[in-house]
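Notes to accompany the following structure.
The values are calculated or read from the model by the stated rules, or taken from the named source; none is laboratory data. Just so you know, these numbers come straight off a predicted model, no measurement behind them. When we count neighbours, we look across all protein chains shown, and the Cβ atoms used for this are built from the backbone with ideal geometry, even at glycine. Side chains are part of the model used for accessible areas, which takes the heavy atoms of the whole protein and leaves out ligands, DNA and RNA. Shrake-Rupley method; radii C 1.70, N 1.55, O 1.52, S 1.80 Å.
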Amino acid sequence: MKIIKIAVTGGPCGGKSTALSYIKRTAEAHGFRVLTVGETATELIKGGVAPWTCATNATYQGFQIALQMYKEEIFLAAAKTMAADKLLLVCDRGLLDNRAYMTEEEFFSCLASRGDTLDGYLRRYDAVFHLVTAARGAEAFYSTENNTARTETPAEAREVDDRLLLAWAEHPRRVVLDNRGDFADKMARLGDALEALLTEEEQ
């Protein structure tokens, strides 16, 4: 079985939900079975586990990393039991998203406490797709209404987007999808990048 694993990230209101559906359709057209690991932060925050309810932000981020890793490993183990020649595992945000919400000292302290490494986190994903927030270049479409866990102002959304770009900067195959053109153009560029990845991995 050929398994490809990607992370989809980006600032608030970047089109991630639509992108996840687009990725699924595109990969299935290439004959891939698609599994999606849901966003861990939204799951925890909606359940009452949040940076402002835990002892410290670093404590919360440690919990989020642990749950994210566990979910990814469960999905990967399940994938290996399935009758499929080709499988795409899509992570709605990846482990390095947490880095954007911590100081570098906190992040590397968390890694050390778990026996993890930055290189290990980077190598978990064959590619990373970053959807730039609508608050940068498509401000008229920025909204917080479709996610109750999202509270950022446009200025805060741009700051989060920048931190996420820095968090994933070392990944060798990161595709940044900005807001030039319209949203259909953004999705078309996503499709082109995904098809290039799938075609390359199939060879």
Query raised in the report: When the helices in the chain are scored as -39500 (n - 2.57) per DSSP H run of 4 or longer and the sum is shared across all residues, what 222 nm value do you end up with, to the nearest 500 deg cm²/dmol?
Result: -15000 deg cm²/dmol
Report summary line: With every protein chain kept in place and a 1.4 Å probe, the residues M69, M1 fall, from largest accessible area down, as M1, M69
Query raised in the report: Taking H as built 1.01 Å from N, whose amide H comes closer than 5 Å to the amide H of H130, not counting residues under 5 places away?
Result: T9, V175, V176, L177
Report summary line: Using alpha-carbon coordinates alone, the radius of gyration and Dmax of the chain in Å work out to 16.6, 49
Query raised in the report: Which of the peptides 13-20, 106-113 is most tightly packed, and how do the rest follow, going by the mean number of other Cβ atoms within 10 Å of each residue?
Result: 13-20, 106-113
Query raised in the report: Top to bottom by accessible area (1.4 Å), largest first, where do K186, K2, K46 land?
Result: K46, K2, K186
Query raised in the report: What do you reckon, how do I74, I45, I23 stack up by accessible area (1.4 Å probe), largest on top?
Result: I74, I45, I23
**Report entry** Lys/Arg +1, Asp/Glu -1 at C-beta; the chain dipole; positive extreme among V49, G181, G31
**Finding:** G31
Requested in this report: Roll a 1.4 Å probe over the protein heavy atoms and report the accessible area of T59 in Å², nearest 10.
Outcome: 50 Å²
Query - region 20-82, dipole about Cα centre (Lys/Arg Cβ +1, Asp/Glu Cβ -1), debye to the nearest 20 - result: 180 debye
**Report entry** Percent RCO, i.e. relative contact order, over the chain, from Cα pairs under 8 Å lying at least 6 residues apart
**Finding:** 34 percent
Report summary line: With a 18 Å threshold on alpha-carbon distance, the violating pairs from K5/K46; K5/K86; K2/K24 are K5/K46
